[in-house]
Amino acid sequence: MMYGDYSLEFDRTGFPLVRRNDWNYSISLFPVSKYQFERFMVEHGPKGELYTDKWYREILKLNPRRPWFRCEDRQWELFITGLRYDEIVPFLRYLGREFRLPKEKEWLNLLEASREIRKIIRSKDDWPENCAPPVSLWVKKGLFPLVEEGVLEMLSGSDGCIGKPYQGLLPNTWNPEKIKNVNWDICRHVIGFRVVRG
């Protein structure tokens, strides 16, 4: 689906990835949501102690679950946070061989293009059948790409995180484009991720 200099494709969970003509990758329009991660867990089941009901209840203690259609406030509860890299890798494999976390430059490119992307995508009314139910609602509400304020996001090849958390999630005066080395034990609940398809 082409929109001027941008195109959209969908991952296997039905969530969109955006690509600009001069990018050699597509990046997810949203940070990974609990809706997507729960679909992965249902389809692939527990892996040892990972992805069990007990494991997921512990994750939800960090950032409670919110129904996808209740997105007017506390939007951070829509997105999965608190996962360590080794807990993310099976999800990336589930999406496909070319999926990974974004590199710093890729995330910054999304930040730079975010206003233009928002303007183009918000004008879209028709979504394909393989699109997940939350997508059109979240687009209408402007919950993308959440780079100027959202959750902190993990990067490929960096121990730090990038982004600016919602004030209600973690009061801060951070610049979203600066990588932060944060204390995992204190900030785990604000750290999410988005994906890139190379």
Checklist entry - Alpha carbon centre of segment 120-184 versus segment 87-104: separation in Å? => result 17
Checklist entry - Using a simple spin-label model with points 7 Å from Cα along the Cα→Cβ vector, what separation in nm is obtained for Tyr25 and Thr173? => result 3.2
Checklist entry - So which lysines can Lys178 reach, going by Cα to Cα under 27 Å and dropping same-chain residues fewer than 8 places off? => result Lys34, Lys103, Lys105, Lys119, Lys141, Lys164
Checklist outcome for this item: Expected vector for segment 82-90, Karplus 3J(HN,Hα) from phi with 6.51, -1.76, 1.60 and θ = phi - 60°, integer Hz, x for Gly and Pro, equals x, 8, 7, 4, 5, 7, 8, 3, x
Item to check | Highest-first arrangement of 146-154, 60-68, 14-22, where packing means the average Cβ count within 10 Å | outcome: 146-154, 14-22, 60-68
Next on the checklist: Taking 0.36 nm per residue of sequence separation and subtracting the Cα-Cα distance, how much length would be gained by fully extending the chain between Glu87 and Met1, in nm to one decimal?
Outcome noted: 27.8 nm
Checklist entry - Tell me, what HN-Hα J-couplings in whole Hz come from the Karplus equation 6.51 cos²θ - 1.76 cosθ + 1.60 at θ = phi - 60° for each residue of segment 61-77, using x for Gly and Pro? => result 5, 6, 8, x, 7, 10, x, 4, 8, 9, 10, 6, 9, 6, 4, 4, 6
Next on the checklist: Under 5 Å between amide hydrogens, which residues at least 5 positions from Gly150 or on another chain qualify, with H placed 1.01 Å from N in the peptide plane?
Outcome noted: Lys164, Tyr166
Checklist entry - Measuring from a point 7 Å past the Cα of Ser123 along Cα-to-C-beta, which residues in segment 141-180 have an amide N at less than 19 Å? => result 141-145
Next on the checklist: Counting only helical runs of four or more DSSP H residues, what would the 222 nm mean residue ellipticity of the chain come to if each run contributes -39,500 (n - 2.57) and the total is spread over all its residues?
Outcome noted: -9500 deg cm²/dmol
Checklist entry - Between rounded, prolate and oblate, where does segment 2-197 land on the alpha carbon gyration tensor, with a ≥ b ≥ c its root eigenvalues, rounded for a/c under 1.5, else prolate if a/b exceeds b/c? => result rounded
Checklist entry - In whole Hz, what ³J(HN,Hα) sequence does segment 166-177 give by Karplus (6.51, -1.76, 1.60; θ = phi - 60°), x for Gly and Pro? => result 3, 4, x, 8, 7, x, 6, 10, 6, 8, x, 8
Checklist entry - Under 5 Å between amide H atoms, partner at least 5 residues away or on a different chain: which partners does Phe79 have, H built in plane at 1.01 Å? => result Lys34
Checklist entry - Whose amide H sits under 5 Å from the amide H of Ile191, counting only residues 5 or more places off or on another chain, with H placed in the peptide plane? => result Gly82
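No lab work stands behind these numbers, since they all come straight from the coordinates. Just so it is clear, the structure is predicted and the values come from calculations on it, not from any experiment. Every residue, glycine as well, gets a Cβ built from its backbone with ideal geometry; the counts of neighbours run over all protein chains shown.
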